[in-house]
Amino acid sequence: MSDTVVETKNLTKTYGAFTALNDLSIHVNRGQILGFIGPNGAGKTTTIKILVGLSKPTSGSATIAGVDCSQNASKIKQLVGYMPDKFGSYDNMRVHEYLDFFGAIFGIPGKARKARIQEVMETTNTTYMQDRYVESLSHGMQQRVGIARTLLHNPEVLILDEPANGLDPKARIEMRQLLLQLAAQGKTLIVTSHILPELSRICNVVAIVTAGKLRAFGSVDEVMSSLCPQRSYEVQVANAEHVGSAERVLREVLSETEPLTSSPAELTLRFPTVRTEAELADLLHKLVAAKIPVTQFRELTSDLEDAFLSVAGKD
Amino acid sequence: MNPQPLLNNPILQRELTSRLRSPNALIALAIVALVSCGLVLMRWPAEASIDLVSQGSIQVFRPVTYAIAIAIMMLSPAFPATAIVSERKKGTLVLMLNSPTPPWMVYVGKLLANVLLGVLLFSVSLPAIFACYAMGGISITGHILPLLMVFLGMAFQYSALGLWVSSRSQSIDASLRWTYSILLFLVVLSIGPSVLVGKLSGIYAWIAQALTTLSPIPALQQITGALGQSKSIGISTGWVEYLIMCAVSTIGLAIATLYKLHPNMMDRARDAGKVIEAKESSWFRRISYLVDPNRRKSGIPFWLNPVMVKEFRTRKFGRLHWLLRLIAVGAVVSILLTVVAATGTVNWGVDRIASSMVLMQIGFLLLLGPSLGANLIASEVESGGWQLMRASPISPWRILTGKLMSTFLTLLLLLFATLPGYVMMSYIQPAIGGQVSNVIISLLIATAMVTILSACVSAYSKTSAAATAGSYAVLLLLFAGTLLIWLGRGNPFGPVFVERALLINPAATALAEMKAPGFETFQLIPKGWYVGLAICAAGLIVLILRIARLTRPE
């Protein structure tokens, strides 16, 4: 039996002449966290709405645990816990009453609901705020309550739209730990975020969409190697007068596909390359042989942000 | 005083242009112009002669005057009532208060923008007013100028009232409700002591008369030549007194609002959410525990619609302690009215007392119904809660019934609060038992109508503020608009037209059943019930279709 829980095949959604989503095919396995990345208007929310059963695709299909999202929306609602980017608070309602209401509309019977509310409050560390009015909570607290709400009916899949948005660093770390904890419990998570370093720390799989099209999909390493095949190197010299001579040596070796930039103020030179380790060692040797006082020769690490920018910049 | 700084006020410019760009403002202006001109056209004399003491022009002038007055009463406070509280919620108020613009400029900008809109509102009816003047019997100094000054006074007073309430409210919904409640007091209830307790003397009589200056009704009656009617019910104030009171109250409200309009108003501690446990309470707490808003709520039982329970719990006003207070007020007033009649304090018959009770109940319905109903769907969509409900397995039908029942039951409780008055009335005059039953049926239909129509408006509105204002407008058009036609009975409207118009107003059906003064000749039951039920059914169908559309996948 396949372990794929969430799957979209050639998913397309058009609004009149505008194509919001174009032929999107992704799959997420049980216990994985998918980081869904894209600029505003890329089609992330459209995809999420289709997965949650709030929107119907123009063509293609989306399934969760084998259930078609557009054909069997009522079953999908039991399988998915959805946290939109807008919290959805009510005036004069305490956290406990709020969770009780959502438990009731998900059809959880009285006693089981009471126990379940305690359980999700403990999981999300919200027990201490159960008597607080929902609208009086800080943004970070509301996000925790939002996750507690999505967990109430014990769904297999959690879809969280911008859960780390507007959180302070401490709340962001707590949120990251909570999401990892949920994945460890076997939940499958789809998380959208604009804070990409945040996503790269927790996601097993990443999907990058721009203008409705899937640009990259796979594990973080796979996406990085497919989108950022070149590595960037930085050479630092001891003083400013050696920047020019270092540049001359490097230009003799580097090709046109390896554009060199220098910064005398920072005493550095940078270039992207696909050279092997041996070739790079030879390059360093030439610099040393030219009596250039090299203080650092190091690889600049690329991250998800670079990968995203390499795709987003093309649109 | 140089008016240039006032006209350059950025708040005034922004508020005025944004309001004037709104299609709703244009619709309101068009309706006022059409209604006022339509009334005059119907009465325009066929022969080419002018009657210097024309009673005909007064008969047209009067309904036109009341129509414009109702429009000002309903529309003037709507925007100021949301102006400050909505800006505070959006976070733009703090930006304004932290800018070099002083708070008084912010206040003046908001006040003047609204007053200018009010001026525009009654300006569009000037052709109708001057047409009455052309018909004869109306003078500029005796009628038109005082009338325009009263309208201006109303626009100032109600705008200042709306802004004051808005500066003190925590939510848009509460602000609108309180503004209209105070407006009801200013317009109608303020003349109550003089009308009901005519035998007072000394300081009490003076206070009762002073209270009447808060209401524009005596002023309008004086201007429209109905001073005799005012005097017959114990009111001796006129438009000059009203204008003085307008100026005093507007200044008072402006000072009170400016006192609140300070960056500190945003500096409020978050509610810690104090909860009272039944076991740890004192004996008094235990007695009042049932209605204690801070008591710990139990889970929603399986046999109750969770959406209905949520609606009750999320509105401060809908919570049990508030409802009980209102029911108590309703019961006490209804019994008082009956006792006053029975002890002969005023020489009103049972029919007149019953009419007062019907009007009080309709007043309650119109005061609370639109704001409760209008928030059912619009505020849910606005807060993002609708999206969450759509993502849950609850059916659209359960959402709809839960929401409608939460409003219907609240209004029903209020309606039943006045039953003790009817019981006493039946005791005084046992023969009216049948009539009382018919009145109660009419009021039940009115309750359903208020609930369904305001929910319909809510379902088609983008914001709760627009929904509330829209609901008040629709329901007042239905209830007060038909009574305006009734005011013009005989001239310009014929009895058949008036009766047909009254059929869509369940309050008129109830008043006609109790043979209220002016309604004796109308036989509206059962036709009025059928029309009322048909309106409810049509509204319900529209609502079901709308909810189905709002809940289905895009």
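The values are calculated or read from the model by the stated rules, or taken from the named source; none is laboratory data. Owing to the predicted nature of the structure, the values given are computational and were not obtained by experimental measurement. Positions of Cβ are backbone-derived with ideal geometry, glycine not excepted, and every protein chain shown enters the neighbour counts. Surface accessibility is based on the protein's heavy atoms, side chains included, excluding ligands, DNA and RNA. Shrake-Rupley method; radii C 1.70, N 1.55, O 1.52, S 1.80 Å.
Dipole size of segment A:128-238 about its Cα centre, with +1 on Lys/Arg Cβ and -1 on Asp/Glu Cβ: approximately 60 debye, rounded to the nearest 20.
Taking every DSSP beta bridge that has both ends in chain A, the antiparallel portion is near 70%. Per-residue shielding of A:82-94, expressed as the average number of other chain Cβ atoms within 10 Å of the residue Cβ, stands at 6. Sequence-distant contacts, meaning Cα pairs under 8 Å at least 6 residues apart, place the relative contact order of segment A:59-181 at 34 percent. Each 5 Å bin from 0 upward holds the following percent of the Cα-Cα pairs of segment B:430-541: 2, 13, 20, 22, 17, 13, 8, 4, 1, 0, 0. With the convex hull drawn around the C-alpha atoms of segment A:82-219, the volume per residue stands at 119 Å³. Largest mean-square fluctuation among A:LEU167, A:LEU284, A:LEU152, in a Gaussian network model of chain A whose springs join Cα atoms under 10 Å apart, belongs to A:LEU284. Accessible area per residue (1.4 Å probe, heavy atoms of protein chains only) ranks A:ASP85, A:ASP161 as A:ASP85, A:ASP161, with the largest value leading. The orientation-averaged projected area of the convex hull spanned by the Cα atoms of chain A comes to 20.9 nm². Of the residues A:GLU222, B:GLU241, A:GLU198, ranked by 1.4 Å probe accessible area with the largest first, the sequence reads A:GLU222, B:GLU241, A:GLU198. Pair-distance distribution P(r) for segment B:306-550, from all Cα-Cα distances in 10 Å bins starting at 0: 8, 30, 32, 21, 8, 1, 0 percent. For the set B:TRP178, B:TRP386, solvent exposure ranked by accessible area (probe 1.4 Å, protein chains only) runs largest to smallest as B:TRP178, B:TRP386. Each DSSP beta bridge with both residues in the protein assembly as shown is either parallel or antiparallel, and the antiparallel ones are about 65%. Using the Cβ of A:LYS170 as centre and a radius below 13 Å, the other residues enclosed give a net charge of +1, where K and R count +1 and D and E count -1. When the alpha carbon gyration tensor of the protein assembly as shown is reduced to an equivalent ellipsoid, its three semi-axes come out at 65, 33, 25 angstrom, largest first.
Ligands, DNA and RNA excluded, the heavy atoms of A:THR192 present near 0 Å² of accessible surface to a 1.4 Å solvent probe. Does a label point 7 Å from the Cα of A:ARG248, set along Cα-to-beta-carbon, have any residues of segment A:271-285 with amide nitrogen under 19 Å, and which are they? Output list for this probe position: A:283-285. Whole angstrom only: what separates the Cα centroid of segment A:261-280 from the Cα centroid of segment B:476-554? Comparing the Cα centres of segment A:261-280 and segment B:476-554, I get a distance of 83 Å.
For every other residue with a beta carbon closer than 15 angstrom to the beta carbon of A:ALA265, add +1 if it is Lys or Arg and -1 if Asp or Glu, then tell me the sum. Walk me through the intermediate numbers first.
Values: positive: A:ARG270; negative: A:GLU234, A:GLU241, A:GLU247, A:GLU266.
For residues surrounding A:ALA265, the net value is -3.
Over 23 Å apart at the Cα level, from the set A:LYS9/A:LYS86; A:LYS49/A:LYS170; A:LYS9/A:LYS56, are A:LYS9/A:LYS86; A:LYS49/A:LYS170.
Per DSSP H run of at least 4 residues, take -39500 (n - 2.57); add these up for chain A, divide by its residues and hand me the 222 nm value, nearest 500 deg cm²/dmol.
Values: 11 runs with 120 residues, N = 315.
Dividing the helical sum by the residues of chain A leaves -11500 deg cm²/dmol.
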